[in-house]
Structure formats: structure tokens, C-alpha cells
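Worksheet: the structure to be examined is printed underneath.
The values are calculated or read from the model by the stated rules, or taken from the named source; none is laboratory data. Keep in mind that what you see is a predicted model, and the values were worked out from it rather than measured. Cβ atoms come from the backbone with ideal geometry, glycine included; neighbour counts cover every protein chain shown. Heavy atoms of the whole protein, side chains included, go into the accessibility calculation; ligands, DNA and RNA do not. Shrake-Rupley method; radii C 1.70, N 1.55, O 1.52, S 1.80 Å.
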Amino acid sequence: MTMPRDLPAAAPAGPRRRRGALLSTLRSPLGIVASLFLLTLVVLAVVGPLHWGETAKVAELTRLSEGPSADHLLGTDAGGRDVLARMLTATRLSVLTAVLATLIGVTLGVVLGLIPIVAPRWIARAVNAALGVALAFPSLLLAIVVSVVLGVGAVSLTLAIGLAMAPAYARLAQTLGSSVAGRDFVAAARILGVGRFRILTRHVLPNVRDPLIVNASIGAGTALVAATGLSFLGLGVQAPRYDWGRMLNESLEGIFVNAAPSLGLAGAIVFAGVTFALVGETLSRAFGLHQPSRRLWRRLRRRPASPGEQAAPLSVVDDPVLRVRDLKVSAPRGDWWATPVRGVSFDIGRGEVVGVVGESGSGKSLTCMAVAALLEEPLEVTADSVCFDGTELVAGGRVSGQTSGELARRLGTRMGFVFQDPSTSLNPALHVGTQVAEVGLLHGGLSRSAAHERAVDRLDAVRIPDAARRAHQYPHEFSGGMRQRAMMAMALMGEPALLIADEPTTALDVTVQREVMALLAEINEVKGTAVLFVSHDITLVASFCTRVLVMYRGAIVEDLSTADLAAGRAQHPYTRALVEAVPHLDAEPGAEFATIAEGADFPTEPVRSRS
Amino acid sequence: MTDLVLENVHVRYGSGASAHDAVRDVSLTVGSGRIVGLVGESGSGKSTLARAVVGLHEPHAGRILVGGTDVVRARGREAAIRRDVQMVFQDASSSLDPRMTVGASVEEALAVRGTVARGRAARRAEVARLLETVELDPARAGDLPSQLSGGQRQRVAVARALAASPRVLLADEITSALDVSVQGTVLNLLRKVQRELDLTVLFISHNLAVVRQLCDEVAVMKDGRLVEAGPTTRVIDAPEHPYTRDLVDAVPRLAAPVDTPTLHRGAVS
């Protein structure tokens with residue numbers, strides 16, 4: 001399911017907010033732990049050789065391979081040297097190798113990965129082919145081969161691991177980069193004549209930087225393990241220099257006699273690895289690549305939603321199929337609650353066709369999704385009553401997105417929903433027929449074959465040509481209009497009392513829109529299904545519905561009949577402005593377009609035009 | 001005098017068996033200082049045609065002339081003529097770099113052009129002037145696109161296009177991502193700058209009512225071909241081609257119920 005279109009835009013991500021996000025992440029428990037670990041690691045790497053370097057060299061020939069004692073907390077090695085001092089001294093070399101190798105890997109990877117985006121096609125192909133081969137090679141094996149070729153030693157170890165890491169980063173950079181390069185702002189820069197290199201540095205790089213940094217930080221942990229592994233195998237750092245890997249190798253001989261050195265070294269390696277991973281995780285949170293934690297939402301929930309502004313409906317229907325009273329939707333926005341739907345109340349009669357109009361952010365889609373019990377955490381839906389077809393959906397003052405049992409069955413068979421974007425409302429991996437049949441399987445108590453048969457029949461009813469064959473096709477083989485009709489077929493698997501159509505034709509062409517609207521009208525007429533039709537297009541709503549609810553800033557400001565609307569009897573200033581702002585085919589050519597001044601404030605008080 | 005002339009333009013995607021002709025043999029003239037609307041449904045090839053004009057696709061055949069110069073084959077010094085053609089995209093949230101302040105986006109366009117004074121202060125002043133032209137407070141130059149509303153972003157996109165001092169402007173569905181209340185402001189702005197700068201505009205839209213009110217002439221595309229072209233009021237008020245008629249009939253009207261001529265009733269049961 002897509003995010004509802006009506007959600008107000010996320011808070012601006014300006015440079016100030018970025019810094020704020022980093023600070024607040026650093027103050028979170030994760031951030032504090034990551035900072036402390038990183039600080040410890042950095043201090044040890046800097047101070048280690050200075051402070052313990054001399055101690056580490058002292059060989060007490062009388063105390064070879066001793067166990068832990070007060071003088072030597074981790075014991076001594078085969079040369080009689082203090083293991084702890086040597087381990088702390090080796091921090092610098094081990095960490096430096098990992099960090100430098102990562103830097104080499106990422107830099108090389110980014111360069112290789114971004115070349116295909118700007119280079120001529122034949123170079124791009126060559127680089128791609130080379131990358132493909134390099135990726136197919138296990139990277140540790142690659143590192144071993146390279147370090148053997150370059151000769152053993154700390155420098156060649158760093159280079160080998162860096163080179164081995166490069167292909168993976170190249171592919172990552174390329175994937176991220178091509179998605180950025182395909183966006184309109186890069187096209188706009190090309191049209192302006194901005195050079196390729198400049199496009200890369202000014203437009204592509206800044207937009208792929210964050211995920212690359214996060215990955216590099218986590219990758220440094222991998223590099224550390226790889227470097228340790230190679231040194232352990234004797235392919236890395238050579239005597240007299242030593243890192244954790246070499247020390248681990250040396251300590252292994254006496255592990256059954258004296259396990260302390262090996263355990264201490266393992267602890268150091270794990271500590272460094274965890275530090276890199278935590279730093280990566282923290283950066284990822286700070287860059288907003290992660291969802292905020294559930295804990296934050298729970299903390300937020302304790303704040304009350306803003307008081308309702310309107311409880312009484314503007315018009316009341318006898319025996320309504322849907323009755324909504326004081327419905328509110330709240331959403332967390334950083335560290336406060338926004339209320340995009342602020343207490344709406346309305347009725348929909350059986351077989352009635354009601355339109356909801358409003359602009360983006362008016363709360364119209366959220367209202368519909370809330371009524372269909374489709375909103376889940378972090379959104380919070382509260383209401384006095386949402387009564388659908390005789391069933392009360394509100395329990396404990398809330399409408400839960402988790403329905404089960406009888407309620408789910410009722411919603412599944414009696415309420416249909418057609419979403420805005422037909423390309424995302426069907427599962428791309430399943431046959432259309434299977435998806436339509438699912439309702440019958442889940443709620444209709446039908447067998448698999450009976451459900452499929454009915455699905456084909458329903459697809460035929462919404463005029464999918466050659467329905468039996470089409471049922472075995474995937475959604476991508478359907479046109480946009482056909483997908484919307486398949487959604488309606490899904491609703492028609494049951495006996496829907498209400499069909500909610502949320503901007504069902506916004507993504508469609510006008511001629512296709514007409515067919516979809518005609519089908520909706522027919523379902524309403526033949527089956528007596530009530531329709532709640534949501535649109536930003538007041539003209540379309542007026543041409544299809546009998547009654548219109550106008551939403552503005554989360555409230556219903558007017559409830560009027562289409563006849564009144566068409567006759568120009570709308571009373572609320574916002575409704576009037578909206579009608580006037582729609583360009584129509586009878587306008588004077590060359591005339592100014594009617595506008596609603598930016599930041600114009602209309603009253604959110606409703607008018608009662610129907611008595 | 002800068003007109004835009006398309007002569008038998010053909011755009012092909014892919015090659016061999018999977019080749020697809022998105023634009024077939026389109027000839028169209030946008031007179032100097034005129035606004036010509038290009039309408040058609042998705043997949044009709046109108047956006048592909050626009051991308052070919054600005055050089056994002058190379059046409060398979062045909063010529064694209066700007067003020068008499070073939071922009072596709074222009075080389076060397078002549079190639080600078082390509083910058084005379086600028087484009088405003090459908091969705092400004094994707095046509096502006098999210099990591100660049102709006103001032104920097106406009107400034108980049110100025111820097112490329114290189115005709116304006118080189119000093120930093122002079123460029124800043126020019127950015128401020130351009131933002132004022134599109135009725136935005138110059139103080140917002142330091143904002144990121146995400147800090148602006150949809151309508152404001154689209155006006156920044158117009159300012160960036162104007163920064164390149166174009167002679168020809170392509171507008172590709174520039175209001176279809178906007179709310180109707182904002183749409184009018186952007187369209188009025190487009191007309192204002194078109195008149196002030198005597199721009200030649202190709203206005204791509206699926207909204208016939210907008211096209212009728214804004215454009216001098218209109219061309220209708222279907223399946224990559226031009227099916228009808230002429231003065232806007234003639235084409236929309238008295239369409240000759242059945243497809244044009246179908247498009248006009250499908251536009252919802254406030255007073256008229258949905259008409260359903262193509263469907264028989266009673267299949268849903």
C-alpha cells in the first residue's frame with residue numbers, strides 16, 4: 001500500500017534540521033554507546049603505542065608463556081612479553097589497517113561505480129563487465145590473491161583488503177548513482193549544459209553520500225575481521241610488527257595451557273567490530289535512512305490529540321450504511337503530534353454516491369483509510385463512532401488497523417476499496433485472478449477452484465476482455481484502467497454495501513477515467529452499492545456524485561448537493577474559491593487563471609447549506 | 001526571432017526486434033513568441049518529443065530547428081544554441097536537487113550561461129532578481145526545495161530555466177502535480193514571463209481546459225503521431241479528428257453527468 005497522498009509533507013530537511021537530527025541521535029542511548037565505544041577505540045589507537053609500546057617490548061625470559069597474574073593481566077607470550085600491553089599497542093595498527101583499507105575500497109568503488117554514469121557507453125560497458133567478474137569472486141579470496149601477489153606486509157595487506165572491498169562498493173555506488181542520475185534534476189542540469197564531471201560532483205555525489213558513509217562504517221568492521229584473518233594466516237603483518245591477527249596466531253599454540261591471551265584478543269576484535277557497526281547504525285539513524293523507533297511513538301502517544309472542533313454532522317441520513325462521528329487522525333511529526341483529520345462527522349445513505357473533495361493535505365484520503373480500518377501505527381485513529389453496515393468499528397475510543405475475525409470478514413466482503421495508484425495496489429508477483437479470488441477464499445468460505453471461478457466471473461463483470469485468460473496474467477500485463485477494474489472486481493467478490501474509491505482515476509487518462517467512472521456508476525445502479533468517492537477534482541466529483549463533502553485543513557467545511565454546487569449555491573468561501581479555480585472549457589481564451597492566494601486563510605467553521 | 005520547427009521527427013527506443021517508435025514523423029512549428037499546446041494521453045509520445053527537443057533523446061530521423069539552426073547536429077560554437085531551449089518538468093520535487101539550496105540551483109544555471117557578470121555579488125543579485133520575477137521572496141534563496149511548497153518549488157524551476165536566458169521554453173505538464181488552487185498562479189506566471197521575454201513556448205498538458213485558456217494553437221498527439229493541429233479554439237470547440245472529439249467529450253463538466261456512450265449497461269450482476 002502506498003502512503004496516503006494526503007499526509008502533509010514531512011518536516012523540512014534543511015541543514016539546520018540535519019545537524020539537529022545528528023545531535024538528537026547522538027543523545028539517544030544508541031548514540032551515547034556508539035560515541036563512547038568510538039572514543040575508547042580512537043584513544044587506544046592514538047595512545048596505545050605511546051603508553052604501552054615500551055612495556056610491550058620488554059621480554060622477561062624467566063616468565064615465558066605464563067598465565068594471568070597481577071603483573072600480567074593476560075599473561076605473557078612465548079617471548080615473555082606482556083600480552084595486554086602488546087594487544088593495546090596493536091590497536092593502532094589493526095584499526096588503521098581496517099580504516100585505510102575501507103577508505104581505499106570505498107574511494108576506488110565510488111570512482112569505478114560512478115564512471116559508467118558519465119562515461120561514453122563503451123567504457124561504461126567495459127567497467128560493468130569487469131565489476132561483474134570481480135563481484136563473482138569471493139572477496140576474501142581476492143584479498144588473499146592480491147596480498148600474495150603484492151608480497152606480505154602491513155601495506156600490502158591494507159591494499160589487498162581495500163581492493164577486495166572495492167567491487168561491492170562500486171556496485172552500490174553504481175546502483176545509487178544511476179537512480180539519482182535518472183532523476184529530473186540531472187536532466188535539467190544536462191539541458192542547462194552543466195558538464196558531466198560537475199553533474200557528478202554537484203548533483204550525484206551529494207545524493208548518494210549518506211548511504212555510502214553508513215555502509216563504509218559498517219564495512220570497516222568487516223575489513224578489520226578480514227585483516228585479522230589474513231594476519232592470522234600469516235599473509236598479513238610480519239614480525240617484528242604485530243597486529244591482533246598475528247598475536248592471535250601466536251597465542252593459539254598455547255591455547256589449551258593458557259587461554260587468556262586468545263580470549264583477550266578475541267574480545268578486542270569483537271569490541272572494534274561492534275564499534276564500527278554501532279557507528280554505522282547511529283549515522284544511518286542520523287541521516288534519516290531509518291524509521292524512528294517504536295519507543296518514540298509510544299512516548300508520543302501519551303500526549304493527547306488536540307480537542308475536536310466539530311462533532312455534529314452537517315446532514316443526517318436515516319439508516320446510513322456508514323455513520324462517522326468525531327473521527328480524528330493523529331500522526332507523529334518529529335517530537336509532536338499533528339492532527340491531519342480533526343473531528344469529522346458524516347453519514348452515507350444506502351446506495352448513495354457521496355464525493356469528498358479537498359486539496360492535498362486536507363485529510364480526505366486519511367479519513368477514508370481510517371473508516372476502512374486501514375491506518376496503522378504510527379497513525380492514531382480515534383472516534384466517537386464509526387458504524388459501518390450495523391457494525392461498530394470503534395473499540396475503546398480507537399479504530400484499530402488490526403481487524404480480525406467477524407469484523408475483518410465483514411469489512412472484507414461488505415466494503416470495497418479502490419486505491420489511487422493502480423500500479424502499486426496489486427501485488428506484482430501474483431496473478432491478478434489469484435488476488436481477486438483471495439477475498440472469496442478468506443471470507444467467502446469458497447474452495448480454491450470455486451473462488452477462482454468466481455474471480456473470473458467478476459473480472460468478466462467489470463469487462464476485462466477474455467477474463468479466463470487474463471486471470472492468469474500478472475498486474476504488469478494489465479493497463480492502468482484494467483487494474484482499477486480488477487480492484488473493483490475484488491470488491492465485487494462479496495456483496496459490497498460501500499465502495500470507497502480514493503482518487504481512482506487520478507493516474508489515468510481522461511478517456512480511461514470515463515470508463516472507470518461509468519463502471520462505478522453502473523455498480524452503484526445495478527447493485528445498489530453506496531460509493532464514497534474521493535477526488536481533488538471538484539468538477540469530476542460533481543459530475544458523478546449526488547452529494548459533496550468539502551474538506552479543508554482536516555475538517556468538513558461544507559456538505560451540499562451536487563445540484564446546489566452546479567447551480568453556484570455553494571456558501572463556504574473555500575468551496576467557492578475551489579470551484580472558481582478549476583479551469584473550464586467555456587473560459588475566455590487568454591483570460592487570467594483564477595487563483596487562490598498563497599497562504600490564504602479560509603474559516604474552518606462549516607456552513608450548513610442543507611437544512 | 002526564434003521559432004521552433006520540427007520536421008518529420010522520429011524517435012525510436014531500443015533497436016532490432018524490441019525497437020519501439022515513440023514519436024513518428026511529427027512536423028510542427030511553434031512560431032516565435034507563440035504558445036502552442038501539445039495534448040495527448042500517456043504514451044502518446046508528447047514527453048518523448050519534448051525530451052528530443054532539449055537533447056535528452058536523439059531523434060532517429062528528422063530535424064529540430066531553433067531559429068533556423070539544427071540543434072541536433074549543431075557542433076562546436078553552434079552547439080551553444082541548445083541552451084536557448086530550456087525545459088520545466090512536471091514535478092519540481094524531483095527536478096530540483098534536494099541537496100542544493102534553491103538559490104544555488106538558479107545560480108548554477110547562471111554560471112553555465114556565463115553571460116551575466118562574473119562576480120559573486122553580481123550573481124547573487126541576479127538570482128534575487130530572477131526569484132522576484134517568479135514572485136518569490138529572494139530571502140528564500142537559502143532554503144532547500146523541501147522547505148518550499150509545491151507551487152513555490154515549481155516557480156523556482158521556472159526561475160532556473162529563465163536563468164539560462166532561453167528563447168524557447170518547453171513546459172512538460174508543469175501543473176499536473178499541483179493542487180488546483182496553486183495551478184492558476186503558476187500558469188499566470190508562465191504567461192507573464194512569456195509575454196515579457198517574448199518566449200516561444202511548447203506547453204505539454206493533458207488538461208484541455210488549461211490549454212484552451214493559455215495557448216494560441218494546439219496540436220493533438222496519439223500513438224506517436226500528430227492527428228490534428230490548429231488554432232486552439234477551433235480544435236477544441238470544433239474538433240475534426242474523432243480522437244480529439246473523444247478527448248474533449250471525456251472532460252468532466254460541472255453540470256453534466258458522466259456520459260457512458262461506449263458501454264452497455266447491465267453486465268455487473
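On inspection, A:Leu441 fails the criterion of being open to solvent by 10 Å² or more (accessible area, probe 1.4 Å) and out of contact with any Lys or Arg (no Cβ under 7 Å at 6 or more places or on another chain).
Within region B:90-103, the set of residues being touching a residue at least 12 places away in the same chain (Cβ under 8 Å) and either open to solvent by 10 Å² or more (accessible area, probe 1.4 Å) or facing another protein chain (nearest Cβ under 9 Å) (or both) comprises B:Gln90, B:Asp91, B:Ala92, B:Ser93, B:Ser95, B:Leu96, B:Asp97, B:Pro98, B:Arg99, B:Met100, B:Thr101. Counting the residues of region A:40-92 that are under 22 Å from A:Val270 (Cβ atoms) and of a type in the set (A, V, I, L, M) gives 16. Of all residues in region A:594-608, none that is in the same structural domain as A:Ser362 (by TED's automatic domain parsing) has its Cβ atom under 6 Å from the Cβ atom of a residue that is among the small types (Gly, Ala, Ser), 6 or more apart or on another chain. Quick one: is A:Ala594 within 30 Å of A:Ala331 (Cβ to Cβ) and facing another protein chain (nearest Cβ under 7 Å)? When the stated conditions are applied, A:Ala594 does not pass them.
The condition (being touching a residue at least 12 places away in the same chain (Cβ under 8 Å) and among the small types (Gly, Ala, Ser)) is satisfied by just one residue among B:Ala121, B:Ala177: B:Ala177.
The criterion of at least 1 residues that are assigned by TED's automatic domain parsing to the domain that holds A:Val329 is met, among helices (runs of 4 or more DSSP H) falling completely within region A:371-480, by A:405-414. Filtering A:Ile500, A:Ile523 for residues that are touching a residue at least 24 places away in the same chain (Cβ under 8 Å), assigned by TED's automatic domain parsing to the domain that holds A:Thr403 and assigned to a helix (DSSP H, G or I) leaves a single hit, A:Ile523. Restricting attention to region A:285-294, does a residue exist that is at pLDDT below 80, open to solvent by 60 Å² or more (accessible area, probe 1.4 Å), over 17 Å from the mean Cα position of the chain (by Cα) and closer than 30 Å to A:Ala220 by Cβ? There is no residue in region A:285-294 that is at pLDDT below 80, open to solvent by 60 Å² or more (accessible area, probe 1.4 Å), over 17 Å from the mean Cα position of the chain (by Cα) and closer than 30 Å to A:Ala220 by Cβ. Could you check, for region A:553-566, whether at least one of its residues is among the charged types (D, E, K, R), open to solvent by 10 Å² or more (accessible area, probe 1.4 Å), within 12 Å of chain B (Cβ to nearest Cβ) and assigned to a loop (DSSP other than H, G, I, E, B)? Within region A:553-566 (the criterion being among the charged types (D, E, K, R), open to solvent by 10 Å² or more (accessible area, probe 1.4 Å), within 12 Å of chain B (Cβ to nearest Cβ) and assigned to a loop (DSSP other than H, G, I, E, B)), the answer is no, since none of the residues qualifies. Selection of region B:169-193 for residues being under 10 Å from A:Phe593 (Cβ atoms) and more than 12 Å from every other protein chain (Cβ to nearest Cβ) yields an empty set. Counting only helices (runs of 4 or more DSSP H) that sit completely within region A:137-238, zero hold 1 or more residues that are touching a Pro at 6+ places or on another chain (Cβ under 9 Å), buried (at least 24 other Cβ atoms within 10 Å of the Cβ) and not assigned by TED's automatic domain parsing to the domain that holds A:Gly109. With the requirement that a residue be among the small types (Gly, Ala, Ser), more than 19 Å from the chain's Cα centre (by Cα) and closer than 30 Å to A:Val133 by Cβ, what does region A:179-225 give you? Hits for region A:179-225 are A:Ala181, A:Gly182, A:Ala216, A:Ser217, A:Gly219, A:Ala220, A:Gly221, A:Ala223.
For region B:194-216, the set of residues classified as over 12 Å from the mean Cα position of the chain (by Cα), within 11 Å of another protein chain (Cβ to nearest Cβ) and more than 14 Å from A:Gly590 (Cβ to Cβ) consists of B:Asn207, B:Leu208, listed by residue number. If you go through region B:45-89 and pick out every residue that is open to solvent by less than 60 Å² (accessible area, probe 1.4 Å), at the interface with another protein chain (Cβ under 9 Å from one of its Cβ atoms) and more than 15 Å from the chain's Cα centre (by Cα), you end up with 2.
For A:Arg323, the test of being modelled with pLDDT under 90, open to solvent by 30 Å² or more (accessible area, probe 1.4 Å) and not aromatic (Phe, Trp, Tyr) is failed. Applying the set (1) crowded, with 23+ Cβ neighbours inside 10 Å; (2) out of contact with any strand residue (DSSP E or B) (no Cβ under 8 Å at 6 or more places or on another chain) to A:Met369 leaves exactly one unmet item: (2). Only one of the numbered conditions (1) more than 11 Å from every other protein chain (Cβ to nearest Cβ); (2) without any contact (Cβ under 8 Å) to a residue 60 or more places away in the chain; (3) surrounded by fewer than 24 Cβ atoms within 10 Å (Cβ to Cβ) is not met by B:Ala159, and that is (3).
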